[in-house]
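**Student:** Mind looking over this structure? Questions follow.
No lab work stands behind these numbers, since they all come straight from the coordinates. Only a predicted model underlies this, so the values are computations on that prediction, with no experimental measurement involved. Cβ atoms come from the backbone with ideal geometry, glycine included; neighbour counts cover every protein chain shown.
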Amino acid sequence: MQSNRRLKHIGVWTWSLPAWAGRLPDGRTYNTCPSAGICRHVCYALHGAYLWPVVRSRHEANLRFVLEDLPGWQRAMMAELQASRFAGRWVRIHDSGDFFSDDYLRAWTGICRARPEVNFYCYTKEVDRLRRLVEPDPPDNLHWVYSYGGVQDHSLDPGVDRVADVFPDEDAIERAGWSSQRESDLLAVLGPPLVGMSANRIPVFLKRIAGRRFSTWQAVETAARAARHKATGSRRRAPS
Ligand code: SF4
């Protein structure tokens, strides 16, 4: 369990995987964010300090432990979280990465239930997985927010779901009537349910975002992909 500069000042611990897709030093490939959409083009966790060898190898070690011995990893997490420094505190599951499999998500809900004195929260794009495995009977101490920018965005209903969207800046959040989590990351799960996040001020990312919200960018991307599939399907069906 770690803490970074941004989360440390609000007393939040975090546990992370390497972001999105890659290859481990032993040659195995992985995808820890199978429902990532446009977010992968501007992924903060594929930039800056996240790429430092010490950070990267820690995240890769976390993933290797999960892949090679999920029950052992779960036991280790439960044991670590038993320490008094975690009681009454918050753990952010994934500063990078996501619930990439059913078994992995089940392991986390088991950890939450085993450590009721700890509060857990997460952002996730794994909408279908949480709908199936968590929403029917969530642990009391697990809080989540669905984040736009993924291939399952169309399943989200901002009238019902707690959702987070990335906006070009704080003014855009305010104009849309959403609520910024700038003051504390915990507002993503404890504040009003329409959560606005300001895009990282990384020039190359801002250029790609081009003033759009993640939700609108993803919707355009999804429509374009559907159109491409339809065109390919029509060509395949056309008589030769
Ligand atoms: S889901 Fe998060 S960590 Fe994964 S690619 Fe998207 S922004 Fe990066």
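**Student:** So, in nm, how far is label residue 171 from label residue 83 when the simple model puts each one 7 Å beyond its Cα toward the Cβ?
**Tutor:** Calculated label separation equals 4.5 nm.
**Student:** Further question: Using a Gaussian network for the chain with springs between C-alpha atoms less than 10 Å apart, which of these wobbles most: 55, 195, 42?
**Tutor:** Per the Cα network of the chain with a 10 Å cutoff, 55 tops the list.
**Student:** Another one. Dividing the alpha-carbon radius of gyration of the stretch 117-240 by 2.2 N^0.38 Å (N being the number of residues), what value is obtained?
**Tutor:** Here the Cα radius of gyration is 1.28 times the empirical estimate.
**Student:** Diagonalise the Cα gyration tensor of the chain and give the resulting equivalent ellipsoid semi-axes, square root of 5 times each eigenvalue, largest first, whole Å.
**Tutor:** Here the semi-axes work out to 30, 23, 19 Å.
**Student:** Now, a different point. Which lysines does residue 207 reach when only Cα atoms under 29 Å apart count, and residues fewer than 8 places away in its own chain are ignored?
**Tutor:** Filter leaves 125.
**Student:** Taking the Cβ of each residue in 146, 30 as the centre, tally the other Cβ atoms inside 10 Å and list the residues starting with the fewest.
**Tutor:** Listed from fewest to most nearby Cβ atoms, that is 30, 146.
**Student:** Suppose the chain between residue 140 and residue 3 were pulled fully straight at 0.36 nm per residue; how much longer would it get relative to their current alpha carbon spacing?
**Tutor:** 47.0 nm
**Student:** Okay, next question. Give me the percent of DSSP beta bridges within the chain that run antiparallel, rounded to the nearest 5.
**Tutor:** Antiparallel bridges make up about 20 percent of those DSSP assigns within the chain.
**Student:** Right, another one. For the pair residue 155 and residue 29, how long in nm is the line joining their label points, each one 7 Å along Cα→Cβ?
**Tutor:** Label-label distance for residue 155 and residue 29, simple model: 2.4 nm.
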